[in-house]
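Comments concern the structure below.
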Amino acid sequence: MLTQLLAVQLNEEDLSLVRKITGRIQVLAAENSNEALHLLEQHASIGLVIIDIEHSYLQSLQLLHTLVYRSQQEPLRIVVLGEPHLLQQKKRVFDLDIVTILTKPLQETQLREILERAVVKQDADSKQQNMQEQAHLFNAIFYQAPIGISVSHRVDLGVEPGKEQFDANPMYEKITGRSMEEVLRLGWTTITHPDDLPEELEYFKRLKRGELENYSMEKRFIRPDGSIVWVEMTVAPLQASDSQLFAHICLLQDITKRKEAERLLAESERSKSALLSHLPGMAYRCRYDAHWTMLYVSAGCETLTGYSPDQLINNRDISFNDIIVLSYRQKVSSGWKWAIHENKPFELEYEILTAQGTRKWVWEMGQAAFTEDGDIEALEGIILDITDRKLMEQNLAYRDAHDLWTGLYNRRYLEQLLRQDIKARKSAKRALISINLGALNAKSIAYGYQYSQDIMKKVAEGLSILCNDLAVLSITHEYRFVFYLRSYDERQNLLLLCKKIESTLEYIVSLERIPYGLGVLEIDESNQENVDQLLRNILIASQRSVVLYDGEAEICFFDESMETEIQREATLSALLSRIVSGKNPDCLFLQYQPIIDMRTGGICGFEALARLKCAEMQVIPPLHFIPIAEKTKLIIPLGDIIIRQAFQFLKQLEEHHVMDCTVSINISAIQLIKEGFAEHIIRLMHSMDVNPSCVCLELTESIFASNFQEINRVLKTLQHKGVKISVDDFGSGYSSLSRERELYVNELKIDKSFIDKLMYLSDDQAITGDIISMAHKLGHSVVAEGIEYQRQLNYLKQNNCDKAQGFFFSKPLNASDALALVVGKHTYRLFEHLLK
Ligand code: C2E
Ligand code: MG
Ligand code: MG
């Protein structure tokens, strides 16, 4: 639009004419070229210059050149007033399109026309410029915009989606990863993710039908490498004024990153809610106050505490602190205090009281959340139900420390307690008292395991009454109880407790005729360190007490001599091992004690009695080493050596023509119950060519307490071969005569205790004679052993005892002496004089 006009060098008349017809156009007048140039510099919107070139022609031409140059940058029209001949010379300039030439004098109509044309031209120019500017702007937007743009145009409504003609900007190509030509070739439907396509096609159809003004959606494009790009897309129709064909614009924004962030957020939300819903407990956010005022509580709260989250939040019905079992509240509080102070997570196991009134074990793990100023904003964490685990732990701990049958503490617990007390360096006097019911082992073989287990339970219940914090009862070994006295004043207190134990046991084990032992060990600085040794020593003391048992337990205090005894046992056991492995064959030898036929006074047999000769040439009696051999099971090979030696002695008797003399061999229960024992003996007799009728096997009567049938079967086999069977120490055990009739035995050897009693009992009082007559009635012959005095012999003779053995006749003799006693002599009636 023309707003300013410059009149250069116009005369008054022409200038007023110009002013008259220009109306609202501002007229600026310059008297010369310089002034004109100056005004042109100052006023950029001068769109028309009227210049009279007649004055200062050359300067005017100069100005004209400048104006022509300016017209190339800005829209400008020039009107030149002048004589034709003047203009003729500069035809090149005046022929320019922007220049209009008027001859003087200036005509109003001409000027009006020019003005109108200038105005129109100016408008056209500015329109064109506008359009150019818009084109620039569009290009700038299209090619530089940070969003993808595609424009489809002149699309026939029937054309298949994706096959429209279109332009795409570089960002569109960048987002899709494909060139415009490629998109054109493939079509946008092909590069759209198949999961998003149906939705978009539906939108697109409706857009084409005009049902939608535009549509926006989030969709995925598939890039050439197969990766996916998420875009937010808006599609709108483009109204082309000159065409009825459908055109649209599509704007894309790459939202892949946002989508990934959303996906991660959704994933984290999903896993958070999955975690919370599967949490065997609850998550919380609470204030750091005395009530642990809950601000947020997850749904698991109800299952855990029995209270709904609403009841707990803001302490509506109950505060969390009230749910914590009273005895743990202080612990929870100080635990949090510490965690906050140390800036560490809080962790604690404690018990809560549920709405139903039950107690539950929980594990809490939490952390304080701080404001930017460093103040505590809240506490956050989780509380899980660990009741099952706790019960399991408690159960395991109980099993670890207890004997399950009796419920008493076990050895492990006692050891721990002893070590704990040693560590605590308590000054109080301490002691162990062991109750040894090892004899129950044999009973369980005879009466079954249940029998001994029941006794153990009864004893445990009885002894438990004597327990307290300072007297702890435990089971340390099978059939062994130990009281641990953690504090006592003097020995008298120990003895007092032993008496109480005795009276408890009296009603249970004594009535059942079960021997037991009571060992005592005082713990002091010298022995306390080795707990294992302590328990071993107390066992030794109680074992010693068992040996001394005679209807009443003798309380045995552990002392040095017992230790020596143990050492001796170990030495003997080592010696026995060497003997059975053939290393010290001479260390084991047999002595033979004559057995006298009481009717004739002659020697009718010998009892083979084993002896050990140790390095110091001391002779060790069998009662010292046979029990060790039995305990270590060495009695089997050792017994075999003894049997062979005894058979050899028999052979020697035979060789010296002593034919009707038996050799009695003592056999341990362990040997007898060993599979194939009878067959082994039979084989041996056969291989050594021994006359079975000269072999007598002595078994103690306790052997019949268990496996009666089985043992009797073995005896039957042996007896069948001619071997004689003798019941040794008859009357010392508890076997009754009632079963004796069924037994495959030939004789009974009355225990020495019955022979000893003959020295102070009157004939009327003694029952030895009754035993003899009963044995006779059962068909057994009778041997009296341990005869030392004539008085005993006289009684036995009067009561028809068949055979006699004892120091009164002879002590056990070495094989050579025994042989010398019988060989070459007339053994018949050898001791007849003693029987008179
Ligand atoms: P036992 O079979 O009852 O043997 C009798 C024990 O009484 C022997 O003791 C014998 O020396 C002893 N004795 C005999 N007459 C008298 C007497 O008048 N007064 C006294 N005070 N004692 C007398 P020993 O030899 O010490 O044997 C003890 C026990 O050792 C035997 O008792 C027997 O049970 C066992 N024994 C001995 N040798 C063997 C063996 O080879 N094998 C097995 N398994 N046990 C054996
Ligand atoms: Mg014997
Ligand atoms: Mg005997």
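The values are calculated or read from the model by the stated rules, or taken from the named source; none is laboratory data. All figures in this text were calculated on a predicted structure; none of them were measured in a lab. Because the Cβ atoms are built from the backbone with ideal geometry, glycine has one as well, and the counts that use them run over all protein chains shown. Note: areas computed on protein heavy atoms with side chains; ligands, DNA, RNA excluded. Shrake-Rupley method; radii C 1.70, N 1.55, O 1.52, S 1.80 Å.
Please compute, for the alpha-carbon atoms of segment 1-56, the extent along each of the three principal axes and give them in descending order in Å.
31, 25, 11
On C-alpha positions alone, give me the angle between the axis of helix 108-144 and the longest principal axis of the chain, in degrees, nearest 10.
10
Under 18 Å from a point 7 Å along the Cα-to-Cβ line of Ser503: which residues of segment 545-561 have their amide N that close?
552-555
For the residue pair Glu563 and Ser464, what label-to-label distance in nm results when each label sits 7 Å from Cα along the Cα-to-beta-carbon direction?
Here the answer is 3.7 nm between the modelled labels.
Please work out the FRET efficiency for the pair Asn130 and Ala261, using the Cβ-Cβ distance as r and a Förster radius of 60 Å; give the result to the nearest 0.05.
After rounding to 0.05, the efficiency reads 0.85.
For Met659 and Arg683, what does the FRET efficiency come to when R0 = 30 Å and r is the distance between their Cβ atoms, rounded to the nearest 0.05?
Efficiency at R0 = 30 Å is approximately 0.85.
At q = 0.13, 0.21, 0.27 Å⁻¹, what log₁₀ I(q)/I(0) does segment 715-786 have when each alpha carbon counts as one equal point scatterer in the Debye sum?
Calculated log10 I(q)/I(0) at the listed q: -0.39, -0.90, -1.30.
Per Stokes-Einstein, at 10 °C and 1.306 mPa s, what whole-number D in µm² s⁻¹ belongs to segment 296-410, with the Kirkwood radius over Cα pairs as the hydrodynamic radius?
It comes out at roughly 99 µm²/s.
Could you work out how far the C-alpha centroid of segment 324-391 sits from that of segment 729-806, in angstrom?
81
For a label point 7 Å from the Cα of Asn441 along Cα→C-beta, name the residues of segment 649-681 whose backbone N is under 18 Å from it.
Residues passing the 18 Å test: 668-674.
Along Cα→Cβ, 7 Å out, is where each label goes; now give me the distance between the ones at Glu74 and Lys674 in nm to one decimal.
Modelled inter-label distance: 13.6 nm.
Considering only protein heavy atoms, what is the solvent-accessible area of His136 at a probe of 1.4 Å, reported in Å² to the nearest 10?
My reading of the accessible area for His136 is about 130 Å².
So, with a 1.4 angstrom probe, what is the percent of accessible area on the chain that is carbon and sulfur?
Whole-percent figure for carbon plus sulfur exposure: 52.
Expressed in nm to one decimal, what extension gain is obtained for the pair Asp532 and Glu710 from 0.36 nm per residue of sequence separation less their Cα-Cα distance?
So the extension gain works out to 60.1 nm.
Can you give the net charge of the other residues whose Cβ lies under 14 Å from the Cβ of Arg19, counting K and R as +1 and D and E as -1?
Counting the neighbours of Arg19, the net charge comes to -1.
Using only protein heavy atoms and a 1.4 Å probe, report how much of Thr176 is accessible, in Å² to the nearest 10.
Rounded to the nearest 10, that gives 0 Å².
Just reorder Trp338, Trp230 by solvent-accessible area, largest first, 1.4 Å probe, all chains present.
Largest accessible area first, the residues go Trp338, Trp230.
Which log10 I(q)/I(0) values, to two decimals, does segment 260-313 give at q = 0.25, 0.26, 0.30 Å⁻¹ under the Debye formula with one point per Cα?
Scattering profile of segment 260-313, log10 relative to I(0): -0.91, -0.95, -1.08.
How far, in degrees from 0 to 90, does helix 326-342 lean away from the longest principal axis of the Cα atoms of the chain, to the nearest 10?
Between helix and principal axis, roughly 50 degrees.
Calculate, in whole percent, how much of the Cα-Cα pair population of segment 292-361 lies beyond 14 Å.
Value for segment 292-361: 61 percent of Cα pairs lie more than 14 Å apart.
Quickly work out the Ile340-to-Arg513 label distance, labels modelled 7 Å from Cα along the C-beta direction, and quote it in nm with one decimal.
Taking the simple label geometry, Arg513 and Ile340 are separated by 7.6 nm.
Roughly speaking, what is the stretch gain from His278 to Glu742, that is 0.36 nm per residue apart minus the C-alpha to C-alpha distance, in nm to one decimal?
159.6 nm
Quick one: what Rg and Dmax do you get for segment 473-556 from the alpha carbons, in Å?
So, for segment 473-556, Rg and Dmax equal 13.0, 40 Å respectively.
Could you list the square roots of 5 times each eigenvalue of the Cα gyration tensor of segment 382-438, that is, the equivalent ellipsoid semi-axes, sorted largest first and rounded to whole Å?
The answer is 30, 19, 6 Å, longest axis first.
Using a Förster distance of 56 Å, how high is the FRET efficiency between Gln798 and Ile422, based on the Cβ-Cβ distance and rounded to 0.05?
Between Gln798 and Ile422 the formula returns 0.25.
Relative contact order, percent, of segment 229-327 when contacts are C-alpha pairs under 8 Å separated by at least 6 residues?
Contact order relative to length: 17 percent.
Over the Cα atoms of segment 765-836, how large are the radius of gyration and the largest Cα-Cα distance (Dmax), in Å?
According to the Cα coordinates of segment 765-836, Rg and Dmax are 13.9, 43 Å.
Take the Cα atoms of segment 439-492, build their convex hull, and give its volume per residue in Å³.
89
Counting Lys +1, Arg +1, Asp -1, Glu -1, what net charge surrounds Tyr328 among other residues with beta carbon under 11 Å of its beta carbon?
0
Of Trp405, Trp292, which has the most accessible area with a 1.4 Å probe, and how do the rest follow in descending order?
Trp405, Trp292
Let me know the volume per residue of the alpha-carbon convex hull for segment 177-220, in Å³.
Once divided by residue count, the hull of segment 177-220 is 83 Å³.
What accessible area, in Å² to the nearest ten, does a 1.4 Å probe give for Leu137?
About 110 Å², ignoring ligands and nucleic acids.
Mind checking the per residue accessible area of the chain for me, 1.4 Å probe, whole number of Å²?
Per-residue accessible area for the chain comes out at 53 Å².
Quick check: the distance between the Cα centres of segment 623-696 and segment 1-76, to the nearest angstrom?
Between the Cα centres of segment 623-696 and segment 1-76 lies a distance of 158 Å.
For n ≥ 4 DSSP H runs only, could you compute -39500 (n - 2.57) per run for the chain, divide by its residues and tell me the 222 nm figure to the nearest 500?
Value at 222 nm, helices only: -13500 deg cm²/dmol.
Please compute the Kirkwood hydrodynamic radius of segment 685-732 from all pairs of different C-alpha atoms, in Å with one decimal.
Its Kirkwood hydrodynamic radius stands at 11.6 Å.
Ratio of alpha-carbon Rg to the 2.2 N^0.38 Å globular estimate for segment 1-118, to two decimals, please.
0.94
Restricting to Cα atoms and excluding each atom paired with itself, what does the Kirkwood estimate give for segment 631-783 in Å?
Mean inverse Cα-Cα distance, inverted, gives 16.5 Å.
Which order do Asp310, Asp400 take by accessible area at a 1.4 Å probe, largest first?
Putting Asp310, Asp400 in descending order of accessible area: Asp310, Asp400.
From the C-alpha coordinates alone, can you work out the Kirkwood hydrodynamic radius of the chain, in Å?
Every distinct Cα pair counted, the radius reaches 41.4 Å.
Return one quarter of the surface area of the convex hull spanned by the alpha-carbon atoms of segment 618-683, equal to its mean projected area, in nm².
5.6
Between helix 635-655 and the chain, what is the angle of the helix's C-alpha long axis to the longest principal axis, kept within 0 to 90° and rounded to the nearest 10?
30
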